[in-house]
1. Hey, which of the helices (runs of 4 or more DSSP H) in region 344-411, taking only ones fully inside, have at least 2 residues that are surrounded by fewer than 16 Cβ atoms within 10 Å (Cβ to Cβ) and at pLDDT 90 or above?
2. Would you pick out the residues in region 327-343 that are surrounded by 16 or more Cβ atoms within 10 Å (Cβ to Cβ) and touching a helix residue (DSSP H, G or I) at 6+ places or on another chain (Cβ under 7 Å)?
3. Take the residues in region 437-458 that are buried (at least 17 other Cβ atoms within 10 Å of the Cβ) and among the aliphatic types (A, V, I, L, M), then tell me which one is modelled with the lowest pLDDT.
4. Give me the pairs, please: first residue somewhere in region 387-414 and on the phi > 0 side of the Ramachandran plot, second residue anywhere and buried (at least 19 other Cβ atoms within 10 Å of the Cβ) and of a type in the set (Phe, Trp, Tyr), beta-carbon distance under 8 Å, and either six or more positions apart or on two chains.
5. Which one is modelled with the lowest pLDDT among residues in region 488-507 that are outside any strand (DSSP E or B) and in contact with a helix residue (DSSP H, G or I) (Cβ under 7 Å, 6 or more places away or on another chain)?
6. Just the residues that are in contact with a Lys or Arg (Cβ under 8 Å, 6 or more places away or on another chain), crowded, with 18+ Cβ neighbours inside 10 Å and hydrophobic (A, V, I, L, M, F, W, C), please, taken from region 76-122.
7. Being open to solvent by 50 Å² or more (accessible area, probe 1.4 Å), at pLDDT below 70 and in a helix (DSSP H, G or I), is that true of even one residue in region 570-592?
8. If only one of Ala434, Ala417 is crowded, with 18+ Cβ neighbours inside 10 Å, within 24 Å of Val501 (Cα to Cα), touching a residue at least 12 places away in the same chain (Cβ under 8 Å) and among the small types (Gly, Ala, Ser), which one is it?
Amino acid sequence: MQLTKEQHEIINSTGNIKINAVAGSGKTTTIIEYARAQPKSSKILYLAFNKSVRIEATKKFAEKGLDNVKVETAHSLAYKHIVFKNNYKVKAHAYKTHEIAELLKLVGNGEKHAEYIVANHINKFISYFCNSEKTRVQELNYLEIVSDPKAKAFVTSFYEYIEKQTRLLLNKMDKGEIDVTHDFYLKKFQLSNPKLNYDYILFDEGQDASAAMLDVFLKQNATKVIVGDTHQQIYGWRFAINSLEKADFGTYNLSTSFRFNQEIADLAMGVLDLKKIIETDAFAQINGKGASDKIQTKAVIARTNLGLLLKAIEYVTEKKKVRNIYFEGNINSYTYADEGASLFDVLNLYNHKHRLIKDKLIREMRNIEDLEEYIEKTEDVQLGMLVEIVREYGNKIPSIIKAIKDKHIANDNKEDAEMVFSTVHRCKGMEYDAVQLVNDFITKEKLEKFSSGIKQENFNSGKLNEEINLLYVAITRAKSSLYIPEILMPVDFPASKQIHVMRHAKEKENLNQTAQLPSLNKQITSKGREVAYSVEEIRTKHKDAYKPWTQELDDELTVMYCEGVNIKDLAKNFGRTMGAIRSRIRNLELEELYG
């Protein structure tokens, strides 16, 4: 391919540089050409974001005859320096909450499940520390990353104990008494102040860098190159930082995308313009030079697992002729929380079938309300989503998951899928000819509410910035056609041949443009209640579900509860889910007072 002026400037540059590359701008090609331009005798290290990128990059550098380039991930590099030297055994996955509680013999203060809540926060504190540049746990204030009021209150009362046990668990790993985690050996690598024997170090996906690895990178004597996209930072919840903002290097840009045309580029810039609402830098110049008009690969992309599963349920239920679908990361990864609890564990808890629950933590809960209280005090988002799915679909879940799995194909046959389903995080770096977005992303209205002071106590500009980035990343996966709900469109932005706005009745329009998806007439019943499959129907029905409870609303709920109004009618009256009504009743202690 013919290189752009921007690419030539980067290839011919000298000294430490950072490259802000928009989606689809050929950054890998640029980095390869940059490496080719250096002396043959140069030793070059390319740091890839993950294992799959590492494998692909190794192949591409080899094809160009660049045998002087070594490709590693941060963890593969740390593994070689730390694990072998210390004869550590590495735990395949992070420690589960119940494992930490048992290893440390944690005790509570009589508060329900306190030892597990403490263990959950110890796990997060360890991750926070291991991904930071700090040298001691005590240099961090864990409370700074806890936002939920109930979780913050719990951590405050247990802070000294949580911090002490965090250091104790790290010490056990350091001494080899227990298996080490991937986060741990990366942290130990940083603390060892390694000297890497390379002339050039190329750091990819710099917008989602670990602060620990960035510290290692910046201390090297090599010529340093950081590549990334400021607006694709979407791993802040894993304590990633934007190294493009941290490094004081010469700045270069790759502003031409070869993935999509100017119409999709304009929409992407329009979405980034929302950052002005939260007073964050929104500048991005994107020139769309993609010319593809073929439609072979199609994808549905959602912000959350819940939104994606709802759309998949709708799709497989209504489109009987569809034979093959594929979930990025495999379907099982969407029905399990990060620590291993499955959707079926939560369902069995909901049905009071403890003997069928496999996950030890879930088995310790007396009922679903117990689990929801645990979630509130730990901010466990993944578990929260599983509970929400169970609340909505109940005992229809096994048949629903079976229907999806029956159509799901293996990784090796992904190209045969008639539709790919993915969350934004799992399809980062991917591209598809046509993309349909699920209506579960941040909207302009929500941003304005958060920033206007209505929810000032929960205002977090960093998190809101990342929410906008998620929508930007989702949009820029599309090469040729994009189907987007009207509520996600910038004001007055025109529809076009490439951008299809899904309005009201058209919200179920599929990617084939041959017919709109029919409304789902069949409802499913969970314990006697009707529930729609469609994510749009659910969100329309419960459009006020996440509005704050005011004193007036609490008073109205209290009066109606005392009058004996049932949960279903209360949910209808307040425009919320039945789960939200139950939760508010518990918070107001209405059962204890008036039951």
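1. Those helices (runs of 4 or more DSSP H) span 368-378.
2. Phe327, Glu328, Ile331, Tyr334, Thr335, Ala337, Glu339, Ala341, Leu343
3. Within region 437-458, the match that is modelled with the lowest pLDDT is Leu447.
4. Gly394/Tyr350
5. Going through the qualifying residues, I end up with Glu507.
6. Ala78, Ile82, Ile117
7. yes
8. Ala434
The values are calculated or read from the model by the stated rules, or taken from the named source; none is laboratory data. Computed from a prediction, not measured in an experiment: that's the story for all the values here. We place every Cβ from the backbone using ideal geometry, glycine too, and count neighbours over all the protein chains shown. Surface accessibility is based on the protein's heavy atoms, side chains included, excluding ligands, DNA and RNA. Shrake-Rupley method; radii C 1.70, N 1.55, O 1.52, S 1.80 Å.
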